[in-house]
Protein chains: 2
Amino acid sequence: MPNGNNARRALTGVALLLCALACGPGRAESTPAPETVATQLREAALAGHSIAYSWVSELTTRFGPRPAGSPGEQQAAEWAAAKLKALGFDNVHIEPFALTGWVRGTESAALVAPSAQPLVVAALGESPPTAANGVEGDVVIFRSFQELAASRAPLAGKIAMVSQRMVRTQDGEGYGEAVAPRIDGPKEAAQRGAVAFLLRSVGTDSHRQAHTGTTRYVDAKVPVPSFALSNPDADQLERIVALGQIPRVHLYSSASYVAGTHSQNVVADLKGSTRSREVVLLGAHLDSWDQGTGALDDGTGTAIIVAAVKLMRDLPHRPQRTVRVVLYGAEEVAQPNAPFGDFGGNAYAAGHLSEMPLHVLAGESDLGADRVYTLAVPEAVAKGEFRQAAERVLRPLGVLPAPRAAEEGGADVDPLARAGVPLFSLNQDASRYFDLHHTPDDTLDKVDRAQLDQNVAAWAAFIWLAADGDVDFRSAAPQRSGS
Amino acid sequence: MPNGNNARRALTGVALLLCALACGPGRAESTPAPETVATQLREAALAGHSIAYSWVSELTTRFGPRPAGSPGEQQAAEWAAAKLKALGFDNVHIEPFALTGWVRGTESAALVAPSAQPLVVAALGESPPTAANGVEGDVVIFRSFQELAASRAPLAGKIAMVSQRMVRTQDGEGYGEAVAPRIDGPKEAAQRGAVAFLLRSVGTDSHRQAHTGTTRYVDAKVPVPSFALSNPDADQLERIVALGQIPRVHLYSSASYVAGTHSQNVVADLKGSTRSREVVLLGAHLDSWDQGTGALDDGTGTAIIVAAVKLMRDLPHRPQRTVRVVLYGAEEVAQPNAPFGDFGGNAYAAGHLSEMPLHVLAGESDLGADRVYTLAVPEAVAKGEFRQAAERVLRPLGVLPAPRAAEEGGADVDPLARAGVPLFSLNQDASRYFDLHHTPDDTLDKVDRAQLDQNVAAWAAFIWLAADGDVDFRSAAPQRSGS
């Protein structure tokens with residue numbers, strides 16, 4: 001029953017719950033043991049106190065697609081910064097950087113012989129437009145990228161197509177192999193005189209949706225108009241060839257470029273109590289491809305890390321180290337030697353280079369919203385109490401030790417790793433992710449709320465352990481930092 | 001080992017297998033008991049001797065989409081007739097009928113306020129084009145058709161949208177309720193001054209694919225430009241409204257009409273031995289919607305009935321009655337009072353009116369390729385030996401008695417029912433069907449070969465029982481026919 005003594009304890013709901021769990025009466029000012037708090041954060045996330053779903057719902061509904069450098073991406077960044085301030089984050093600010101944008105125009109594809117059939121395609125990222133009346137040619141199908149690269153057949157006037165299939169794996173490794181023709185196919189096609197490049201979509205689904213994505217530039221441009229074809233359409237062209245017929249295809253794209261635009265990173269901190277110069281960095285990207293609304297790539301990643309830190313923010317105490325959320329821009333155009341400007345991961349690392357020794361650990365959430373199933377930690381803590389505590393806290397979530405130490409973290413945190421920052425990885429089940437990746441179907445309805453909350457639980461628990469202490473994650477520790 | 005005595009037994013593979021099962025040595029000229037043959041046909045289909053998959057693969061690959069009155073539909077009919085002749089069917093011929101075609105043009109939709117987002121739509125069948133610069137309006141969402149029909153709100157200058165959701169059921173009955181706004185929504189919208197009609201897709205999936213289909217005509221036309229919106233896009237507009245914003249949408253379609261074209265029915269018989277004037281009719285439709293390749297709607301239906309009768313054709317004996325396959329045209333434009341010409345079901349019934357008394361039974365396969373799970377027979381044989389035999393033969397396929405007698409058979413055989421022909425129904429599991437129905441995703445990769453063969457097994461077994469005998473399927477039997 002309410003009375004005067006209880007009035008001073010009228011905190012917000014979540015804070016009260018967490019405090020009740022973690023602090024006990026009269027202990028609001030002291031900090032319990034890290035593993036105790038990590039466990040409580042985990043349970044709070046699973047109990048439905050996470051803001052992750054409402055974050056990704058509002059982000060994807062208000063702004064829809066958020067291509068790099070677009071008004072949608074810029075508005076989403078303004079919204080995110082305002083929201084993070086309202087949620088009580090510290091040091092919230094936007095760090096802009098210049099780039100050239102790419103805008104998908106009208107596009108179409110059709111089989112014109114031996115029969116007239118519409119085809120579902122998506123221009124590959126930064127791909128140049130076709131001529132105004134399109135481009136047409138007989139299609140020559142290569143079963144793999146290797147077969148195209150080894151081919152001596154002249155392709156003048158033809159459309160070169162690679163029909164390599166992606167393998168579905170839990171860890172998403174099938175993507176690495178299947179993406180090779182998307183990266184270098186346009187170059188190989190152009191070198192042989194092909195008028196366009198067609199790619200069986202890099203994806204594990206069988207829907208009439210094409211998976212877009214970037215390719216490698218040659219002399220600062222994608223050398224020929226390049227398109228991904230939906231998997232069922234690629235099957236259809238293969239069957240036409242099997243009937244002894246030659247598929248002839250017409251392609252059209254009015255894609256264009258926008259010079260002099262900008263993208264941006266949004267930075268927000270939960271300031272540490274005693275070692276506040278030391279930063280544990282959590283990354284995800286706000287931009288998305290243009291066909292869907294970027295719910296899983298990477299709206300949920302931004303939601304997971306924001307929600308995890310918001311649960312910490314609602315505690316009556318702070319971790320020793322600063323926890324930093326970076327919502328990166330322009331991740332989808334991340335490319336070695338990209339001619340269109342830098343991307344968020346490089347921009348952050350370059351802009352904060354002097355602070356790298358104080359970045360004690362970094363990780364990225366960018367593989368959808370299905371459950372975390374393994375944890376990878378830096379080699380320096382592969383054995384010992386930190387890892388054991390992390391495994392104790394995460395095992396009830398079904399998270400097991402990863403077979404290897406964390407070496408790669410994703411496009412946005414890899415520049416940090418190159419600057420010496422240790423990485424961790426909360427690896428997600430990617431079995432379904434490449435059904436939807438870079439397609440129009442990357443929309444909110446695909447988000448599994450229970451699995452989303454499991455992610456928040458894993459991130460909140462692990463990050464608390466990493467931030468509320470002085471564990472050194474650097475192997476050789478030459479850059480060991482003090483608070 | 002081959003020798004001279006075996007040479008005269010060198011029949012084709014399937015015929016040999018079936019004869020070995022059904023005839024025994026020296027009995028090739030006599031006909032075993034119907035239930036024995038029905039069982040053998042069932043087993044032959046399950047053993048992989050069905051041509052169903054190769055039929056639907058070739059049909060959908062060679063011709064792709066086959067809209068009513070299109071060259072694709074006409075060429076598919078020519079191909080089917082040639083194929084049926086080559087397979088040894090009797091009386092193969094094409095029966096053309098006139099109609100006006102409808103051609104989907106370029107179409108697009110986009111949210112223009114409160115933010116710019118692309119939307120996935122498909123114009124509803126026979127829907128008129130928009131003006132050349134499209135049509136734009138604020139969207140007013142009604143949760144159900146009833147809510148629109150009861151509304152007194154003026155909609156001048158608005159886009160009326162019905163966002164009713166379809167229920168997934170095994171028997172497909174959810175379609176009947178959900179399709180109401182597709183049928184009558186355009187009329188209700190137009191009466192209130194709306195500039196266009198938007199419909200949450202009548203479908204059970206959550207993909208960025210819109211489900212097209214026909215609507216009811218008012219004064220011989222669809223009264224306003226009308227579009228289906230993909231389910232995730234409909235969710236998005238609902239969420240925008242829930243945020244307190246008004247979605248404003250731009251729609252464009254360049255759809256057009258083709259006067260003076262034609263569609264056609266393809267007819268092919270397996271002529272009966274002793275009662276050949278009596279016809280058991282199996283129907284399916286060759287035309288398809290234009291977005292996919294009509295694999296499940298209704299390529300597999302044509303494949304199932306052709307393959308079932310081909311298995312009978314390979315027997316050394318014939319059933320007493322004639323078994324007729326009708327591959328209908330223009331089923332997708334079947335409409336009461338359609339202004340664009342008749343459809344195949346009406347054309348066949350009208351053209352064969354004098355033969356109706358000799359059509360002893362009819363059924364249609366037009367609900368995809370998932371397994372048959374119940375059998376419905378005419379009321380006249382609801383009890384008695386015929387039904388018991390049918391159930392004995394079908395039960396090993398998992399086919400159970402339907403709770404009701406067969407009353408409706410589908411758009412193509414219902415005109416036969418109105419002319420007094422008894423109907424049966426081999427009811428398919430429609431749980432997945434409306435995920436794909438009338439979308440770009442109705443393609444060959446969605447066909448489950450094992451379930452397709454189960455359909456062939458059920459059709460071959462049941463049709464043999466119905467055709468090889470003199471069972472009277474007419475309740476009151478006033479039109480009882482003799483051979």
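The numbers here are math on the coordinates, done by the rules we state, and not lab data. As the structure is a prediction and not an experimental result, all values here were calculated from the model. Quick reminder, even Gly has a Cβ in these numbers, built from the backbone with ideal geometry, and neighbours come from all protein chains shown.
Taken over the Cα atoms of segment A:105-254, the convex hull encloses 105 Å³ per residue. Normalised Debye scattering of segment A:368-483 at q = 0.11, 0.12, 0.13, 0.23 Å⁻¹ gives log10 I(q)/I(0) of -0.41, -0.49, -0.57, -1.38, counting only Cα atoms as equal scatterers and leaving out solvent. With K and R counted +1 and D and E -1, the other residues having a Cβ less than 12 Å from that of B:Pro232 yield a net charge of -3.
Nearest chain A C-beta to the A/B rotation axis, reported as residue and distance in angstrom, is A:His207, 3. As a calculated quantity, the FRET efficiency between A:Gln170 and A:Gln245 at R0 = 41 Å, using C-beta atoms, amounts to about 0.60. A label point on B:Asp470, set 7 Å along the Cα-to-Cβ line, lies at 10.4 nm from each of its counterparts in the other copies, closest listed first. Our coupling estimate for segment A:100-111, obtained by passing each phi through the Karplus curve with A = 6.51, B = -1.76, C = 1.60 and θ = phi - 60°, is 9, x, 10, 10, 4, x, 6, 8, 7, 8, 8, 6 Hz, Gly and Pro reported as x.
For chain A, compute the orientation-averaged projected area of the C-alpha convex hull (one quarter of its surface), in nm². Don't jump to the answer; show the numbers that get you there.
On the way: hull surface 95.6 nm².
For chain A, the mean projected area of the Cα convex hull comes to 23.9 nm².
Nearest-5 percent of antiparallel DSSP beta bridges in chain A? Numbers along the way, then the final one.
Numbers: 38 of 66 bridges.
DSSP beta bridges in chain A are roughly 60 percent antiparallel.
Distances between placed amide hydrogens fall under 5 Å for B:Gly172 paired with B:Ala430, all partners being 5 or more residues away or on another chain.
The sum of -39500 (n - 2.57) across all DSSP H runs of n ≥ 4, divided by the residue count of chain A, sets its helix-only mean residue ellipticity at 222 nm to -9000 deg cm²/dmol.
If r is the Cβ-Cβ distance from B:Ser256 to A:Ala382 and R0 is 56 Å, what FRET efficiency results, to the nearest 0.05? Please report the intermediate quantities before stating the final value.
Values: r = 67 Å, r/R0 = 1.20.
So, using R0 = 56 Å, E works out to roughly 0.25.
If the chain linking A:Arg418 and A:Ser108 were pulled fully straight, counting 0.36 nm for each residue of separation and taking away their Cα-Cα distance, it would gain 107.5 nm.
Taking amide H atoms as placed 1.01 Å from N in the peptide plane, the amide H of A:His207 lies under 5 Å from those of A:Asn231, each 5 or more residues away in sequence or on another chain.
Among beta bridges identified by DSSP and lying wholly in the protein assembly as shown, the antiparallel ones come to about 60 percent. Each part reduced to its alpha carbon centroid, segment A:350-392 and segment A:64-110 end up 26 Å apart.
Could you give the Stokes-Einstein D for segment A:313-447 in µm² per second, using the C-alpha Kirkwood radius, 20 °C, 1.002 mPa s? Could you put the intermediate results ahead of the total?
Details: Rh = 16.8 Å.
After rounding, the answer is 128 µm²/s.
Comparing the protein assembly as shown with the 2.2 N^0.38 Å rule of thumb, its C-alpha radius of gyration ratio is 1.07 (two decimals).
Return one number: the angle in degrees, 0 to 90 and rounded to the nearest 10, between the long axis of the Cα atoms of helix B:231-242 and the longest principal axis of the Cα atoms of chain B. For helix B:231-242, the angle is close to 30 degrees. Remark: spin-label model distance B:Arg143-B:Leu400 equals 3.4 nm, labels positioned 7 Å along the Cα→Cβ axis.
For a straight C-alpha distance cut-off of 23 angstrom, the lysines reachable from B:Lys85 (same-chain residues fewer than eight places away being disregarded) are B:Lys271, B:Lys310.
Taking the label point 7 Å along Cα→Cβ, A:Glu238 and its counterparts in the other copies are spaced 3.7 nm apart, in ascending order. Projecting the Cα atoms of B:Gly176, A:Ala153, A:Leu311 onto the dipole axis of the protein assembly as shown, where Lys and Arg carry +1 and Asp and Glu carry -1 at the beta carbon, places A:Leu311 farthest toward the positive end. Net charge dipole, chain B: roughly 560 debye, given to the nearest 20, about the Cα centre with Cβ charges of +1 for Lys and Arg and -1 for Asp and Glu. Near B:Gln388: Cβ cut-off under 12 Å, other residues only, Lys/Arg at +1 and Asp/Glu at -1. The net charge is +1.
Placing +1 on the Cβ of every Lys and Arg and -1 on the Cβ of every Asp and Glu, with nothing else charged, gives the protein assembly as shown a dipole about its Cα centre of roughly 700 debye. Within the shell defined by Cβ-Cβ distances under 14 Å, the residues around B:Gly88 carry a net charge of +3, with Lys and Arg each +1 and Asp and Glu each -1.
Please state the charge dipole magnitude for segment B:105-254, taken about the Cα centre, from unit charges on C-beta atoms (+1 on K and R, -1 on D and E), reported in debye and rounded to the nearest 20. Please report the intermediate quantities before stating the final value.
Numbers: 14 positive and 15 negative charges, 53 e Å.
So the magnitude is around 260 debye.
The other copies place their A:Asn91 label points at 8.6 nm from this one, listed shortest first, where each point is 7 Å from Cα along Cα→Cβ.
Please go through segment A:329-423 and write out the GluC sites (Glu not before Pro) that DSSP classes as loop and that have at most 13 other C-beta atoms within 10 Å.
Working: sites: A:Glu331, A:Glu332, A:Glu355, A:Glu364, A:Glu379, A:Glu385, A:Glu391, A:Glu407, A:Glu408; in loops: A:Glu407, A:Glu408.
Sites meeting the loop and neighbour criteria: A:Glu407, A:Glu408.
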